[in-house]
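As C-alpha cells, the structure follows; a few thoughts come after it.
The values are calculated or read from the model by the stated rules, or taken from the named source; none is laboratory data. The model shown is predicted, which means the values in this text are computed figures rather than measured ones. We place every Cβ from the backbone using ideal geometry, glycine too, and count neighbours over all the protein chains shown.
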Amino acid sequence: MDAGGGSADGFEDDFEDDFEDEDAADDIAIADPLEPFNRAMFAFNDKFYFYFLKPAARGYRVVPVPVRRSVARFFTNVQAPMRIANNFLQLKMKNTGTELLRFGINTTIGLLGFFDPARAYWGLRRKDEDFGQTLGHYGIGPGFYLVLPFYGSYTLRDSTGLLVDTLYLDPIYRYIDNLWIRLTVRGYNMVNSLSLDRDTYEALKREALDPYAFVKNAYIQHRAAQIRE
C-alpha cells in the first residue's frame with residue numbers, strides 16, 4: 001500500500017492492526033453453535049472483500065494519501081458522540097473529558113475533523129469505546145460467536161452493542177434519513193479506510209491454515225483486551 005510518510009499528528013497510528021492485542025490475552029473459548037452459518041457468512045464476506053471492496057479501495061488510491069487520511073479523520077470525528085457516551089457510561093471520566101475536548105477542538109480548529117490538532121498539538125489521543133465494551137465492562141459475557149454479513153466478526157453481546165450504537169449514538173444513522181444516501185456514506189467510509197490498509201487480510205490468509213478460526217480467535221482475544229483496559 002502507498003501509505004506515504006508519517007504525519008505530524010501521528011495519524012498512521014489510527015490504522016493499527018485490529019489483531020495487535022491477540023497475544024496480550026489468554027486463550028478464551030467462546031461457543032460457536034452457528035459455525036456452519038458463520039463460515040458461510042465468512043465466505044461471503046471474503047468474496048465481497050476480494051471481488052468488490054479491495055479493488056475499489058485500490059482504485060481509490062489515486063487520491064493522495066493526505067486527502068484520504070483527512071477523510072478518515074472526518075469520519076472518526078463524526079463518531080465522537082458514540083465514544084463520549086460509552087466512556088461516560090463506563091464512568092471513565094478522564095477519557096470522557098478527553099473525547100469531549102477532542103471533539104470540540106477538532107470540529108472547530110480542525111475544520112470539522114478533517115485535521116486532528118487535538119492530538120497533534122495537545123497530545124489528546126482517541127479513547128475508543130463502544131456499547132459492546134460497555135456491556136463487557138459491567139460483566140456481561142460475550143455470548144456466542146457470530147459473523148455478520150458485511151460487518152464481519154461479532155459476538156451476541158457485541159452485535160447487541162452495535163445495534164444500540166447505531167440506533168441511538170451514530171450521527172450517520174440519526175441524521176441521514178435517506179437509506180441510499182446513508183449506505184453510500186457508509187460504503188465510501190469503508191472504501192476510504194480500506195485504501196489506507198496495508199493488505200492485512202491478505203497476509204492473514206496466506207499465513208493461516210484456517211482463516212476463519214484465526215479471525216475468530218483473534219477477534220475474541222482482541223475484544224477481551226479492549227474490555228480489560
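Looking only at the range 50-67, filter to residues that are hydrophobic (A, V, I, L, M, F, W, C), in contact (Cβ under 8 Å) with a residue 12 or more places away in the chain and closer than 15 Å to TYR188 by Cβ; which one of those is surrounded by the fewest Cβ atoms within 10 Å (Cβ to Cβ)? Break it down stepwise before answering.
Taking the range 50-67 and keeping what is hydrophobic (A, V, I, L, M, F, W, C), we get 50, 52-53, 56-57, 62-63, 65, 67.
After this cut, where a residue has to be in contact (Cβ under 8 Å) with a residue 12 or more places away in the chain as well, the list is 53, 56-57, 63, 65.
From what is left, the residues that are closer than 15 Å to TYR188 by Cβ are 53, 56-57, 63.
Values: LEU53: 18, ALA56: 16, ALA57: 21, VAL63: 12.
Only one residue fits best here, namely VAL63.
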Looking at (1) basic (Lys, Arg); (2) surrounded by fewer than 20 Cβ atoms within 10 Å (Cβ to Cβ); (3) in contact (Cβ under 8 Å) with a residue 40 or more places away in the chain, which is the one condition that is false for LYS92? (3)
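Hey, can you tell me all the residues within the range 77-98 that are under 20 Å from LEU167 (Cβ atoms) and in a helix (DSSP H, G or I)? Steps first, answer last, please.
Narrowing the range 77-98 to residues under 20 Å from LEU167 (Cβ atoms): 78-90.
Selection gives VAL78, ALA80, PRO81, MET82, ARG83, ILE84, ALA85, ASN86, ASN87, PHE88, LEU89.
To keep it simple, each residue is scored yes or no on (1) surrounded by 16 or more Cβ atoms within 10 Å (Cβ to Cβ); (2) over 15 Å from the mean Cα position of the chain (by Cα); (3) of a type in the set (Ser, Thr, Tyr).
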position: GLY123; (1), (2), (3): no, yes, no
position: GLN133; (1), (2), (3): yes, no, no
position: TYR138; (1), (2), (3): no, yes, yes
position: PRO142; (1), (2), (3): yes, yes, no
position: VAL164; (1), (2), (3): yes, yes, no
position: TYR173; (1), (2), (3): no, yes, yes
position: ARG206; (1), (2), (3): no, yes, no
position: LYS216; (1), (2), (3): yes, yes, no
Residues of the range 27-49 being surrounded by 13 or more Cβ atoms within 10 Å (Cβ to Cβ), part of a loop (DSSP other than H, G, I, E, B) and among the charged types (D, E, K, R), which ones? ASP32
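Here's the yes/no breakdown for (1) out of contact with any Lys or Arg (no Cβ under 9 Å at 6 or more places or on another chain); (2) within 18 Å of LYS47 (Cβ to Cβ); (3) among the aromatic types (Phe, Trp, Tyr):
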{"position": "TYR145", "(1), (2), (3)": "no, no, yes"}
{"position": "SER153", "(1), (2), (3)": "no, yes, no"}
{"position": "THR160", "(1), (2), (3)": "yes, no, no"}
{"position": "LEU167", "(1), (2), (3)": "no, no, no"}
{"position": "TYR188", "(1), (2), (3)": "yes, no, yes"}
{"position": "GLU207", "(1), (2), (3)": "yes, no, no"}
{"position": "HIS222", "(1), (2), (3)": "yes, no, no"}
Only one of (1) within 28 Å of TYR219 (Cα to Cα); (2) free of Cβ contacts under 8 Å to residues at least 12 places away in the same chain; (3) of a type in the set (Gly, Ala, Ser) is not met by GLY97, so which one is it? (1)
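Please find, among GLY152, GLY143, GLY132, the residue that is under 21 Å from ALA85 (Cα atoms) and modelled with pLDDT of 95 or more. Before you say what the answer is, go through the steps one by one.
Details: GLY152 fails: under 21 Å from ALA85 (Cα atoms); GLY143 fails: under 21 Å from ALA85 (Cα atoms).
Only one candidate qualifies: GLY132.
From the list PHE103, PHE114, pick out the single residue that is part of a loop (DSSP other than H, G, I, E, B) and modelled with pLDDT of 95 or more.
PHE114
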Every listed condition ((1) closer than 26 Å to ILE105 by Cα; (2) touching a helix residue (DSSP H, G or I) at 6+ places or on another chain (Cβ under 7 Å); (3) modelled with pLDDT of 95 or more) holds for ALA8 save (3)
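Just to be sure before I move on: is THR160 surrounded by fewer than 22 Cβ atoms within 10 Å (Cβ to Cβ), closer than 30 Å to PRO211 by Cα and touching a residue at least 24 places away in the same chain (Cβ under 8 Å) in the structure I sent?
Numbers: surrounded by fewer than 22 Cβ atoms within 10 Å (Cβ to Cβ): yes; closer than 30 Å to PRO211 by Cα: yes; touching a residue at least 24 places away in the same chain (Cβ under 8 Å): yes.
Against the criterion (surrounded by fewer than 22 Cβ atoms within 10 Å (Cβ to Cβ), closer than 30 Å to PRO211 by Cα and touching a residue at least 24 places away in the same chain (Cβ under 8 Å)), THR160 qualifies.
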Cβ pairs under 6 Å, 6+ apart, first in the range 202-229 and more than 22 Å from TYR51 (Cα to Cα), second of a type in the set (D, E, K, R): ALA218/GLU22; GLN221/GLU22; HIS222/ASP21; HIS222/GLU22; ALA225/ASP21
